[in-house]
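J.: Below is one structure. I have some questions about it.
What follows is calculated from the coordinates using simple rules that are stated; it is not laboratory data. On a predicted model such as this, the values are computed, not experimentally measured, just so you know. Here the Cβ is made from the backbone with ideal geometry for all residues, glycine too, and neighbour counts use every protein chain on show.
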Amino acid sequence: MSGGNHMRCTLAIALVALGLVALGLGGTMPASASNADGTPTEIGIATANIAWETPAEIDAVFADIHAAGFRHVRVGLKDPIDRSFAAMQRAKEAGLSVLVTFPLIDGAVAAKDAAPRARTGRFFAAYGLSQIDLDRFRARFDALLGFTARARIPLIGIELGNELNWSGYNGDLPMAATGQVIDSAEDWAPDTRRRFADGLDRYRAAMEIARGAIGSRPIKLISAGLADINADFISGSGATYVAPALTYAAFGERRIFDLSDAVGIHVYEPLRQANHHADRQAMIEAQLGPCGMSAFATRPCWITEFGSALPHRLCAADDAQRIHLLRPLLDRLAQSASAVPLAFYYDWNADKGFALERCGRPTGLVKALSDHNQIPAAP
């Protein structure tokens, strides 16, 4: 969600099931039995756009996050890059470790003569992955590693890209009068399929560069968390959306999982009130079942975004509604650290729907998430 387009709706369980078939995951379930280890996933906080805030605001947010009992934040690498570096320094000073999300479609790593897909409606201008200039990518990646080494930033991971499976964050996927959900091989327009494939080929090349640059440093390389959006929103927005299962299958064909240390996951659709508790549990299992399994080349998952929204003006001091919606996921994460070591809630206070601070004070959900980090391991 970093950068804009803060919209989430409900994906049908049938689509998730179809995705599992497409990925060849039928034999990985039930995930709860295979992935449970009795140790809780640790929860951090995603602060994707914090580099654009004032220094005083950044310090206040990081101080509040640390005081609430969280140790990790997710920060987007934004231009001007010095402001992003300053935000990472402030996170360090607040006692927080950092996951950096490295954008690929904002022009910073695109070929200099490339033109982005034009801004339209609620969507900002975006370059496609196929337009990445690998030399520019290498220079920016080296700049990030160089700064974090010099400043001794506690950098725990770099997430390469964000939600590259839909038009919001991938200019290779076209906009149209009506949107399109691509969840089977029959849904592709030939030109869209070719350009998306070319973009993933370039993405793999960027992953190879990142893998080599990290070398033996204790920094995890995370594949991009994929968008988790429903068909109704896509149809109304005019965007193109490639179902995560198809994107993961394409990752597998290119051995992208082999280059990463963990698989980025976004979890939104199972957490909406429209779903019954059992439905949410089934959808969560469908999304997290592959983590640590052969379908993901035995790589664990990092949930780089999860969350549930409220009406913007609702203060909801106890936040019972969202705690109820999140309970199936938190219960799943209470015993999943080997398969899902980290999960980042989106976000602290910048997004008025998802914010953990409402009407100037933390909600009850802050305590629920912080308490989750204190769950002792099973004897």
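J.: May I ask you to compute the full-extension gain from A67 to R255, defined as 0.36 nm times their residue separation minus their alpha-carbon distance, rounded to one decimal in nm?
T.: Going from the current span to full extension adds 63.6 nm.
J.: Here is a follow-up. With no solvent and one equal point scatterer placed on each C-alpha of the stretch 111-202, evaluate the Debye formula and give log10 I(q)/I(0) for q = 0.11, 0.24 Å⁻¹, two decimals.
T.: -0.42, -1.27
J.: Could I ask something else about it? Take the alpha carbon atoms of the stretch 134-153, find their center, do the same for the stretch 45-115, and report the distance between the two centers in whole angstrom.
T.: For the stretch 134-153 versus the stretch 45-115, the Cα centre distance is 14 Å.
J.: Still on this structure, please answer the following. Dividing the alpha-carbon radius of gyration of the chain by 2.2 N^0.38 Å (N being the number of residues), what value is obtained?
T.: 0.92
J.: Would you mind telling me which residue in S130, S260, S216 has the biggest mean-square fluctuation in a Gaussian network model of the chain, where springs connect alpha carbons within a distance under 10 angstrom?
T.: In the Gaussian network model the winner is S216.
J.: Continuing with the same structure: Scan the stretch 299-342 for trypsin sites (Lys or Arg not before Pro) in coil per DSSP, keeping those whose Cβ has at most 15 other Cβ atoms within 10 Å, and list them by number.
T.: Filter output for the stretch 299-342: R313.
J.: Between A278 and A334, what is the spin-label point distance in nm, taking each point 7 Å from the Cα along the Cα→C-beta axis?
T.: Label at A278, label at A334, 2.1 nm between them.
J.: Now for a different question. To one decimal place, what orientation-averaged projected area in nm² is obtained for the convex hull of the Cα set of the stretch 35-74?
T.: 3.4 nm²
J.: For the stretch 13-373, give the share of DSSP beta bridges that are antiparallel, in percent and rounded to the nearest 5; count only bridges with both residues there.
T.: Taking every DSSP beta bridge within the stretch 13-373, about 15 percent pair in antiparallel fashion.
J.: Which ³J(HN,Hα) values in Hz, rounded to whole numbers, follow from the phi angles of the stretch 233-249 under the Karplus curve 6.51 cos²θ - 1.76 cosθ + 1.60, where θ = phi - 60° and Gly and Pro get x?
T.: 5, 4, 4, x, 8, x, 8, 9, 10, 9, 3, x, 4, 5, 5, 4, 4
J.: Residue separation times 0.36 nm, minus the C-alpha to C-alpha distance between A118 and D79: what's the value?
T.: Full-extension gain reported as 12.1 nm.
J.: Set the Förster distance to 35 Å, then compute FRET efficiency between D191 and R313 from the Cβ-Cβ distance, nearest 0.05.
T.: After rounding to 0.05, the efficiency reads 0.20.
J.: Then there is this: Stretched out fully, how many nm does the piece from S184 to D232 gain, at 0.36 nm a residue minus the Cα gap?
T.: Between S184 and D232, full extension yields 15.6 nm more.
J.: Sorted from largest down, give the three principal axis spans of the alpha carbons of the stretch 257-313, whole angstrom values.
T.: Sorted largest first, the three principal extents are 43, 25, 9 Å.
J.: Now a separate question. Using packing as a proxy for protection, rank 206-215, 61-70, 45-54 so that the peptide with the highest average count of other Cβ atoms within 10 Å comes first.
T.: Ranked by mean Cβ neighbours within 10 Å, highest first: 45-54, 61-70, 206-215.
J.: Net charge within 10 Å of V181 by Cβ-Cβ distance, Lys/Arg positive one each and Asp/Glu negative one each, not counting V181 itself?
T.: Neighbourhood net charge equals -3.
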